[in-house]
């Protein structure tokens, strides 16, 4: 099974639900793409002993989520339907991108093309 990672702001943190005697789940929502006009609200879940992972985080925290894409088939009176879920298995505090980029931005400043408009850009490509 392939695993995925995404980073976002914890928007909603729900309580653990005891679905059956042997199964519990905890849902949460993260917001991604905040810098765009259309932010994405991604609903995810933790199951069983992983439900407690969310206790260490508060709404508004930036977190990195490792998760698996799960799918299932359900047959009902209206026919067969398919459902997907994003099942998280690891949560981490997201590292601040400013901290890692600040050291690289303190190196030599880059010159923009607007500063020297008459300078030709050399084309080293053989084709």
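The values are calculated or read from the model by the stated rules, or taken from the named source; none is laboratory data. This is a predicted model, so every value here is computed, not measured. Backbone-built Cβ (ideal geometry, glycine too); neighbour counts: all protein chains shown.
Restricting attention to region 15-63, the residues that are assigned to a strand (DSSP E or B), more than 17 Å from the chain's Cα centre (by Cα) and over 18 Å from residue 92 (Cα atoms) add up to 6. Of the listed requirements (1) modelled with pLDDT of 95 or more; (2) farther than 19 Å from residue 34 by Cβ; (3) over 13 Å from the mean Cα position of the chain (by Cα), residue 66 misses just one: (3). For region 24-39, the set of residues classified as modelled with pLDDT of 95 or more and loosely packed, with under 14 Cβ neighbours inside 10 Å is empty.
Assessment of region 70-83 against the conditions (within 10 Å of the chain's Cα centre (by Cα) and in contact (Cβ under 8 Å) with a residue 12 or more places away in the chain) yields no matching residue.
Against the conditions (1) modelled with pLDDT of 50 or more; (2) on the phi < 0 side of the Ramachandran plot; (3) out of contact with any strand residue (DSSP E or B) (no Cβ under 9 Å at 6 or more places or on another chain), residue 100 satisfies every one except (1). Only one of the listed residues (85, 66) is closer than 13 Å to residue 6 by Cα and not in a loop (DSSP other than H, G, I, E, B). That residue is 66. Which of the residues that make up region 1-39 are closer than 17 Å to residue 67 by Cα and without any contact (Cβ under 8 Å) to a residue 24 or more places away in the chain? Hits for region 1-39 are 27, 29, 31.
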